[in-house]
Amino acid sequence: MGLLGRSLAMLSVLLWIFWLPKLGAQLPNLPASSLTDALALDSLLQDYAYRAFVRPRTRTGTVYDGNVPSNLTGIQISALRLRRGSLRSRGVQAYKEFKIPMGVVVQPHVARLVLVYQNLGNWSSVYYPLANYKYLAPVLGLLAYDASNLSAKNLPKLNIMATRQPISINFSAVKTVADGSVAKCVWFDLDGLVNFSDPVSDNTCSTSEQGHFSIVIESIAPSPSPMPTGGGKKNHTTLWIILGSVLGGLVALVLLGFLALWVAGYKQRKQMQQMERAAEVGESLQMTSVGSTKAPAATVTRTQPTLESEYVP
C-alpha cells in the first residue's frame, strides 16, 4: 500500500509538471523579444513626441500632436505637459481617449511631467502580439516622463498611480463582437505582463496605472476535421508524448518498488544463511544431570586405561 501511495503521488507530480505550462500558456506574457522592441519603440516615440514642443512657447495643459518616422506610418503620438500638483488636484478631463481623474500621484517627485499618448494603429499586433486573441481596437499607450528637459531622449518612465478613481479609456473605434464572443480589456504593464479585465462598457476600459491598453476577444479555434493535419497532428503527438512519459514514469516507479522489495528480501535471506552457518560451525555440548543441576558432558570418553601385562608377549 505504501508503494502504491508513493506511485500515485509521483504520478500527480508528473501530471502537474507536464500540464502546468499548458495552463500558464492561457495567460501569455509579452515575449522577451517583443518586449525589447516595444521598449525601443517607447523611447523613439518619446523623442518624437517631445519634438512637438519646439515652438516659441510651450503651454502647459495644451495637447501637441507629433509626427512619427515614415517607416512607422499609421502610429499617432501626442504630448501633454502638466504640473505635478495640477494633475493631482484637477486631473485631465479629456486627453484623446483617456480621462484622468483627480488624485493621480507621480513618483519620483518632479515639478512638471509630460504624458505621451500613443495610438499604434495597424502596428498593434506587431509590437504587442497576443497569441490566441484578436484585437478589436488599436493598442493605446499612456506613458509619463520628466518635463524638465524637453530636448532629452531615452528618458526613464515615471510611475503614476490613480488613488481615488481609475483612469478610463474610451476606445473610439471598436470592431463588432461576434455572437458568443466575450470582449476583454487587456493591459500591458511596463514589464510586459499581460492583464485581462472586464470592460466597464462596450468600448470603455479602466486602469489605475500607465501602460498600453486595448480590447480583445479570444480567437475561435477551427472545428476539428476527420483527417487532422498540420497542427492537429502536432497536438496529438504532443498528447501521446505526455501520456507516454507519465505512464513510463509510473512503470519505472513500480519497477523501482519491486526492486526495493527484492533487495530487502535478499538481505533478509542473506542474514538467515549467515546465522545458520554460524550455528553449524559451533559444536553443541550435551547436558547431563548432576543432582538438581545440569552440566555439560563430553560426547566421547577419554582413552581407557590399559594394563601393562597386556603388552607383555
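The values are calculated or read from the model by the stated rules, or taken from the named source; none is laboratory data. It should be emphasised that the depicted structure is a prediction, and the values quoted were computed from it without experimental measurement. Every residue, glycine among them, receives a Cβ derived from its backbone with ideal geometry; neighbour counts consider all protein chains shown. SASA here: full protein model, heavy atoms, side chains in, ligands and nucleic acids out. Shrake-Rupley method; radii C 1.70, N 1.55, O 1.52, S 1.80 Å.
Side notes on the structure shown:
- Local electrostatic count at V200 - Lys and Arg +1, Asp and Glu -1, tallied over other residues with Cβ under 14 Å: -1
- In Å², nearest 10: area of W187 left accessible to a 1.4 Å probe: 50 Å²
- Ranking R269, R81 from most to least accessible surface, computed with a 1.4 Å probe over the protein chains only, gives R269, R81.
- Charges were assigned to the Cβ only: +1 to each Lys and Arg, -1 to each Asp and Glu. The resulting dipole of the range 27-218 about its Cα centre is roughly 1040 debye.
- Mean Cβ count within 10 Å, highest first, over the residues of peptides 242-251, 111-120: 111-120, 242-251
- Note on V182 and F196: their simple-model spin labels are 0.8 nm apart, each label 7 Å out from Cα toward Cβ.
- The count of lysine pairs in the range 27-218 with alpha-carbon distances below 28 Å, taking only pairs 8 or more places apart or on different chains, stands at 14.
- Comparing Q165, Q107, T60 along the charge dipole axis of the range 27-218, the residue lying farthest to the positive side is T60, per the Cβ-charge model.
- For the range 58-69, 3J(HN,Hα) per residue [Karplus equation, 6.51 cos²θ - 1.76 cosθ + 1.60, θ = phi - 60°, Hz, x = Gly/Pro]: 8, 8, 6, x, 9, 8, 10, 7, x, 10, 9, x
- Farthest toward the positive end of the dipole of the range 27-218, out of S206, L39, L80, is the Cα of L80, where the dipole comes from beta carbon charges about the Cα centre.
- Stretchable slack from T73 to R57, in nm (0.36 nm times residue separation minus alpha-carbon distance): 3.0 nm
- Calculated FRET efficiency for the pair E209/V254, C-beta based, R₀ 45 Å, to 0.05: 0.30
- Between E97 and any residue 5 or more places off or on another chain, the built amide H atoms are never under 5 Å apart.
- Taking a Cβ cut-off of under 12 Å around C185, the surrounding Lys, Arg, Asp and Glu residues balance to a net charge of -1, with basic ones at +1 and acidic ones at -1.
- Within-14-Å neighbourhood charge of P138 [Cβ basis; K, R +1; D, E -1]: +2
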